[in-house]
Structure formats: C-alpha cells, structure tokens
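First the structure, in the form of structure tokens, and then the observations on it.
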C-alpha cells in the first residue's frame, strides 16, 4: 500500500486521545506534513477534516503536490486517502489458576507484562470456591491454567481438580477462552467438550478467541523467561493493529535503521509500554527486543490501590489528602482531557510519573540494562505537557548512569507505522520519517556516585560555533543551552571518580541538543529524597520549577 | 417523552462538534445483576419481569460443601448410600434445562452451576449433637466422581427494581435484563439496586443537610444535591430511604458506605436494598440544571437505582424533557467546573494556565456580561433521547 501511495493518513485511536497525521511523499522522501491530537470523543473524520483544512490554508501548494489538485474537496480527501490505523486494545481480565503460589506468580508476571488485568489464585493458597469465583467473574475473558513443563508433586496433585474446575466453569461461561500452559496442557481432554483445542502458535492475531482452548508453553519458556507465554497472551488480548505493540515493532525497526539501542516509554489511559531494542551481532544484522505493557502503568488506573495513591503522592508537588488524590485519579480516568491546565496539569504530571514508576518496577531486568542511546517518550498524557517537564520526568524515573538522547513521539506515529506489516516497507517509511517523528527534547548526562560538596566538577561544551563552561553542583540539574539539531562535545571533569560510560574522573562525550538543551543530572542514583512529605515536595518543586517556570501562571 | 433535539445551526457550527456530548437519557437500558457461585437465577431468558419480582437468590455466606456422589440419569433414589446426596432441583436458569440434556429416564445428569439443596442427609458428617441445617447452593464441579458445591443455609432474594425482559440468566454468573422505560445515566453507583418514589427536597442545587433526611422521606429515592456525605448516607439508611442521587460522592465516603454494606450483609437481619448514584463522579460538582429539571419533572414517580451500569431508571411515558437551547454548554472540569452557559465561538489554540496550549472555546457563563475563554476539552453539551412513540 505504501509504495503505491503519495500520501497517508496516520491515525492512532487511543482510549483518551485520537491523533491524526498527514504523511506525504514530498521531494523524494516521506515527510510529516501536519498532525493533530484531539479527545477521543471527537469524530475522527472531523479531526482529519480540520487538519487538512489547516494544511490547505497554510500551504495549498503542498496539498496540490500530494495529489489533491487545485480545487480539492477536503471531505473527499478525508474519505479517499489511504489510512494507517493503530488502536488501543480495551482492557481485559484474565483469571490465573495454578497449583502452587510460585507457579501463580510466574503466570501472573507473564500475563501482567502482556497487558492483562489479572486476578489470580492457587490451590495452595485458596480453596476451590475462591478459585471458582475468580473464573466465574463475568468480566474475566480468559482463564489461564498453568504448570511447570514437568510439574512437581505439589502441583501435579492439584492439577486434576483445577482442570475439572476450569471445565466446569466453561460450561457456565462458554464465551470464555482457556489457555493451558506448560504441564497443564495434558488436561486438555477434560475440556474437549468445551471447544476446539489448538496450539497457540497457529492462532492468528486478531482471530476471535471465544470458546477456544489454547495450548501454550510454560511460564519459563522463551528468552527472557516467560516471553513465549507473554507473546501468546498478548495475541489473545489485543485487537489487530494494536497501538502499543505497533510502537514496540517500530522501535525494533528504528533501532535497526539508526543502528543504536533505543527505548520507548509510553503511558496511556489503558496501560503503559516499556520497550527496548538493541542491534546485535557482527555488523549489527539483527535486533534483540523486549517489552512489557502492564495495564497498571495507566496514568489513571481503575480502582486505584493504596500503592497507586502512594505513588502519586510521592511525585506530587502539592499537599493533598489521600481521598482527594483518589477522587482526582478517578475523575482523570473518567475525563482524561479534563482540566489539562493549571493544577490539573501538575496533577497529571504526578500521575504520569507514578505510572512510569510502576512501569519501571514491573521490568527489573530492563532497568538493569545499560542506558540506551535514545530514550523516547510517547503517549497522550505527554501531549499537552511542556517538553522540558517530560524530559525531567524521564530523568527522574529512569536513573541509570550514562549519556542518552531524549525525544518524544509528538505526533504519535510510532503506533500507526508499527501497523505496517511488511518489515522492509516499515523500515523504508521510518528511515525517511525518523527525524520528523522524534522531536528532540535534549541530551541527558547522568553520572552516578557524585559526592556531596560545593562543586562536583566542571563541564565544557564545544559546539561547531561556540563553547561554554559551567560548574557542576551536586544534587542539582544543570541545563546547558543546546538547540535542536546541534551536536556538541561535552568534556566533563569531576572532582571525584564517578560512573558514566565507565568509572573515572574525566569524560568526553558527544551530545545532541533539543528543545530543553542539555540536561546534566547530578542527583543521586537511585534518587534520594527526604521521606518527610513537606521536604520531599519542596525538593520536587524546586527541580520542577527550574524546568517549568510557567507552572504558577 | 417529548423531543428536544432539533438539528440547529449552532450544532453544526465549526468547533461546537468538538464539545463532548453527554447522553443524559438512554432508552431500554440493559442492566446486569452479577451472581457468584452459590447464587441462582430465578428467571429464564425471555421472561417478563415487573418491579418487585424475585429474579435471583443469593447465597451470601456460600462455602465449599462436599456434596458426594450425585444421582445421574440411571438412578432413581434421591438418597443413596455412601454419601450420595439429593438430586439437583430444576431451576429456570439451570444449565441443563435444554431438551438435549435430558436423557433416558428423563432425569438430568448434574451439571456445574445447577442448584443443589441438601444437608440433612449428610448428618453423619456433623459432630454429634449438632443440628443439621439444610443448605442450598450451586454445583461447582465433579472431582473423582464426587461433587463440590458453593452452598449455605442463608439466602437472600434479589427483586427486580425495574420492568423488562430477561435477556440472560445464568446461575453463578449473572442475570441481564433489558429494562422498559428510560434511564438517566450516572458516573458511578454503589449499594444495591433499589426502588422508590423520587423526592427532590430542594430544586436549587447544593449540599443537602443530613438533618433534611427524615423519616418522612422513608421509601423514597432522594435527590441530595451536589454532594453526599457519609453522614447523610448513614442517616438515609437509618430512616429507610431507598436511595440517594447526587452530583458527586467522594471516594472516602464510598469506602465507608461499602464497609457499612458489608457489615450489614454479614448480619442475619434482612436489610432494605439501598443504592446511591453520583451523576458526575467523585469531585464536587453541582447537578447540571437540565438534569435537575428532568428530576423535578419526575418528582413523585417511581424510579429505580441500578448499579450496573449506574442508572436512574424511570417510566418513559410522558416525561417532559427540558427544552434546552441547542448551544447550551456546561463546564465539567477545570477552573469554572459546574458553571453553565452558551457557546459563542471557537477560540483556536490558546495558552492556558501553567503555559499549557489547548483548543479553546469562547462561551458566556451564567449571567456574566463578559465572555469566558475555556478549554474545549473542559466543556460538555447535553443530548436527550428523541421521542418515544
């Protein structure tokens, strides 16, 4: 489709935000012509109509070059131009059943990383009535019964009863799908009367899954462990062209094109995504990717738990009681575009940071990996926030020593481009669009092991046309002016040995600029802030005010 | 019900379409009653129900009961040896009610989810001297030829709060009813579905003092203004008010209420169903005037609070809907939350507080002489259902 088109309408239909963009083949390459974001209740065609009308008013020649003709009827263009569509899959609930607590936790981890909301129980912890309640809950769409590939005595003893329980549940709820993972697959005959059994590997994504029994590998299979089951559960949960999985695919293609490790952090209403792709092998012919898209990384989770409230309070710069925070989170879920300015913007930032915190906690293995060369923020929650504060949020939450470039998927194109099925076609599109898609926020230098004192050292920044030098103060974030598109060499002389690329006192690193310049984060890794709420709020507010001076307007 | 939605010039004006539309009234809403293991449906799909008709029987204290072997189609005795228990009772929603499941002698094989009553025959399983209370519940599954059930001695009848047609009825899963009439949509609800005549103590919006909820309003569903407090809820329950409708209810108050509900359901005393519904959510906001007008028109009529989804169901016949100007808007969030007025024109991309850029609208709020610029995403407009013949 792409090779035959001169223009594409890219749509990311999120749960809160609809993003539309016009991509045109202009001057021999694909370019981002215009984009818009609107609350999801606004009609998609009306949004595109408004966008194309603006393009026509601003640059009618551009519209003509895209094949619209002189007297273009915008409505006809909206109706006829090809579309790349990605959409957020609705939240779904899986009931995880296992023979042992250990197995339940493993299965739950895979299901959570696959984006499912999870209720779980095990025969070791719960009686059969409690387990039946879980599986019979009308919101549950899938029952996952799993065991080790070769279950031990404790699990094996419980499995016949659990299989009988699941078979009974499917009699009452024939619309359920059942996944039998690992050693539980041998009990598939018990469910023979329920529906057709198929290996999960042969099921196409987006195929209806009602009344099916899927046979899946155990929760330790794959690399990293659990990846195989996670992939199958993702396939069960998502709609075709799922936006979040599209972002992960685009990141893998982008890592290959740019030949550098890339990570993306996406926060949305229905969940979040943390995806990492890294070229490997001699000459980097392949890309290793991993991702997690937990539903509880939503910026406004349904029925927020005490931990969620604690997380929001921990990042809040205003004093609020717990009930008030809960009320505001619930209202944010109900009206994700409500009160996007003033206090509302500050609260949304705290909610987004808490969501990133949950996302990071859910993937300790990824947090242990080295800092990527490029870190991308994505998702509707960042759409209305100032770029500098988005950069600060990423620096606050992903505290790994190193140097990276921060960017934001401002037009939300990674999802729709990930919907392009053919890898080569997707890479061609991304190769052209990479610079347009990723709005540079700035460079981030994050050294570890800064000791308390008056000065941590000095930084000299040498660009093509100018040079600057600043003193580095421990516990602060220094911002150096470096505009988007500019590259420079930063020479850092620390008073004591710190960890950056390696361990040492003198470093010379290449950095690129962005909307908020170059950030040198001299705070602790991991970040240490006072446990006293007032002191913590003051510290956060001081850092925030430095990056967001308009906050009190 | 009168029609109030003539297509207007304003409604088709550029920009106005971007204002979120709030569907105030829905017709023939589908409502759900969640059941759990041990609960049974007392109706079957296609049945017509009227308010007060029992539709389900809950088993609030259901526990796991080892039923033993159950008589299958080839057995005739209801109390066999070796712990064999009584056969299952047919229920309207029983999973085995289809002719295909009937076998040979007309006896149905036991199936998961079916109602089972027993207890007396299991006398020897109780400690000597203890009374043997008969228990009832639903079958869970068969393990090694013996059945397990979720059952208990105490049951509660769930009555339909609305008239309608049963669309789905499954033991231990849910009963779904397509209600006749119309319903006012809410943001959240808590408690139990309930029914009563609508009482609007004050037409001007505001918080209703708990003292205004007196015994004279017993049996009513009371419109309690912009906010319900935990004290008001407790008092309403104490004086046998059947339900409360408000603009908002705080999450803390909801938690208190839910804890109180759990304590009440754990007691052996039969309680009157009590429900509450918040029209806007958790943050304090006044009830929108179009909705207040509609509620005022319903005063004295029988209404029902339904919790899943949150609805205030009423008889659709001849209820006059508010005649709103087509450019009527309300600020649902932000600095001017709760204020109402009229749409003037789109304001383009503007810089708002904290340096945030958003699509703006120019509106005239209340009796203001000067127009106000607000983010479009903070606005809502009202749409009512069109005429019911």
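The numbers here are math on the coordinates, done by the rules we state, and not lab data. Since the model is a prediction, treat every value here as computed from it, not as a measurement. All Cβ positions, even for glycine, are placed from backbone atoms using ideal geometry, and neighbour counts span all protein chains on display.
Tabulated results
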| read-out | value |
| --- | --- |
| Cβ-Cβ FRET estimate between residue A:487 and residue B:357, R0 fixed at 35 Å, reported to 0.05 | 0.75 |
| For A:108, B:159, order by how many other beta-carbon atoms lie within 10 Å, fewest first | B:159, A:108 |
| Two-site label geometry, residue B:197 and residue B:214: point separation in nm, points 7 Å out along Cα→Cβ | 1.7 nm |
| Label point distance in nm, residue B:34-residue A:188, each placed 7 Å from Cα along Cα→Cβ | 3.3 nm |
| Protection proxy ranking of A:165-175, A:408-418, B:341-351, A:40-50 - average other beta-carbon atoms within 10 Å, highest first | A:408-418, A:165-175, A:40-50, B:341-351 |
| For the protein assembly as shown, the spread of Cα positions along each principal axis, largest first, Å | 98, 73, 62 |
| Cβ-Cβ FRET estimate between residue A:154 and residue A:476, R0 fixed at 56 Å, reported to 0.05 | 0.55 |
| Principal-axis tilt of helix A:44-58 within chain A, Cα atoms, nearest 10 degrees | 20 degrees |
| Shielding by other protein chains, A:38-49, mean Cβ within 10 Å | 3 |
| Radius ratio Rg over Rh of the range A:7-87, counting only Cα atoms, Kirkwood formula for Rh | 0.95 |
| Antiparallel content of DSSP bridges confined to chain A, in %, to 5 | 60 percent |
| Shape box of the range B:323-383 [Cα atoms, principal axes, largest first, Å] | 38, 24, 19 |
| For the range A:324-345 and the range B:147-203, distance of Cα centres in Å | 31 Å |
| Cα-based radius of gyration of chain A once divided by 2.2 N^0.38 Å, which approximates compact folds | 1.03 |
| Ranking of B:114, A:361, B:174 by count of other Cβ atoms within 10 Å, fewest first | A:361, B:174, B:114 |
| Crossing angle, helix A:101-113 versus chain A [Cα axis fit, 0-90 degrees, rounded to tens] | 50 degrees |
| Whole-number percent relative contact order across chain A, with pairs defined as alpha carbons under 8 Å at least 6 apart | 12 percent |
| Fewest-first ranking of A:84, B:139, using other Cβ atoms within 10 Å as the exposure measure | A:84, B:139 |
| Separation of alpha-carbon centers, the range A:497-540 and the range A:87-157, rounded to whole Å | 40 Å |
| The range B:320-350 versus the range A:452-494: alpha-carbon centroid distance in Å | 50 Å |
| Cα-projected label distance for residue A:284 with residue A:458, points at 7 Å along beta-carbon direction, nm | 3.4 nm |
| Calculated FRET value between residue A:499 and residue A:41, using beta carbons and R₀ = 45 Å, to 0.05 | 0.40 |
| Value of [θ]222 nm, deg cm²/dmol, for the protein assembly as shown, DSSP H segments ≥ 4, -39500 (n - 2.57) each, nearest 500 | -7500 deg cm²/dmol |
